[in-house]
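See below for the structure under consideration.
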Amino acid sequence: MLERGEVFNINNQTFFCFGAARSVDKVYRKEGVSWWPEEQASREEYENGVNNLEKYNFQIDYILTHCAPNYLVDKLFPYENQHDDTTNYLEKCVRQQVTFKRWFLAHYHVDRSYDNQKYNILYNDIIELLPDNTIKVVNN
């Protein structure tokens with residue numbers, strides 16, 4: 001299990017992980033059955049993430065999150081305000097402070113890349129991260 005705000009070292013590459021998102025459709029769901037308050041991060045989890053990023057001097061190879069920073073949210077939803085606590089955190093504490101190679105995320109039910117594949121939103125695509133920092137779609 002990749003816990004929120006942790007940094008993992010895999011094959012000498014660092015991965016910052018932060019899975020959390022606001023369920024925009026929770027009014028149609030039942031708490032504890034199809035929606036849980038823990039889907040959103042706690043203040044302690046946000047702080048843990050920043051503390052771990054500090055340990056790496058805000059230099060991480062890859063970022064893995066569920067939702068996007070505000071920068072991408074605005075590209076996906078240019079006419080709606082879809083910012084929330086998690087997207088704000090990912091914008092201010094991660095995107096604007098961390099030096100990274102690539103960012104991978106999901107949540108938005110699209111396969112799309114931005115900024116020459118620096119940001120990759122995955123839904124159906126399965127990708128392989130190659131040693132030269134390129135990615136290859138390997139869908140069967």
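Computed from the coordinates by the stated procedures, all read-outs in this text should not be read as laboratory data. Nothing here was measured: the structure is a model prediction, and the numbers come from that model. Cβ atoms come from the backbone with ideal geometry, glycine included; neighbour counts cover every protein chain shown.
Pairing residues of segment 110-124 that are farther than 16 Å from D74 by Cβ with residues that are hydroxyl-bearing (S, T, Y), at Cβ distances under 6 Å and at least 6 apart in sequence or on separate chains, gives D111/Y123; N120/S113. The condition (being touching a helix residue (DSSP H, G or I) at 6+ places or on another chain (Cβ under 8 Å), over 21 Å from L122 (Cα atoms) and of a type outside the set (G, A, S)) is satisfied by just one residue among E38, E31: E31. Residues that are among the β-branched types (V, I, T) and surrounded by 12 or more Cβ atoms within 10 Å (Cβ to Cβ) within segment 87-136 comprise T87, V94, V98, V110, I121, I127, I135, listed in sequence order.
For segment 61-109, filtering for residues that are of a type in the set (V, I, T), touching a residue at least 24 places away in the same chain (Cβ under 8 Å) and out of contact with any Cys (no Cβ under 7 Å at 6 or more places or on another chain) leaves 5.
Within segment 47-73, the set of residues being surrounded by 10 or more Cβ atoms within 10 Å (Cβ to Cβ) and at positive phi comprises F58 only. Of all the residues in segment 100-115, those that are outside any loop (DSSP other than H, G, I, E, B), of a type in the set (A, V, I, L, M, F, W, C) and out of contact with any Leu (no Cβ under 6 Å at 6 or more places or on another chain) number 2.
Only one of (1) out of contact with any Asp or Glu (no Cβ under 8 Å at 6 or more places or on another chain); (2) in a loop (DSSP other than H, G, I, E, B); (3) more than 13 Å from Y119 (Cα to Cα) is not met by C67, so which one is it? Against the list (1) out of contact with any Asp or Glu (no Cβ under 8 Å at 6 or more places or on another chain); (2) in a loop (DSSP other than H, G, I, E, B); (3) more than 13 Å from Y119 (Cα to Cα), C67 comes up short only on (3).
Whenever a residue of segment 1-17 is of a type in the set (S, T, N, Q), its partners that are in a loop (DSSP other than H, G, I, E, B) and surrounded by fewer than 16 Cβ atoms within 10 Å (Cβ to Cβ), lying with C-beta atoms within less than 8 angstrom and at least six residues away or across chains, give the pairs T14/Y56. When E38, E44, E31, E6 are screened for being within 19 Å of E91 (Cα to Cα) and surrounded by fewer than 12 Cβ atoms within 10 Å (Cβ to Cβ), only E44 passes.
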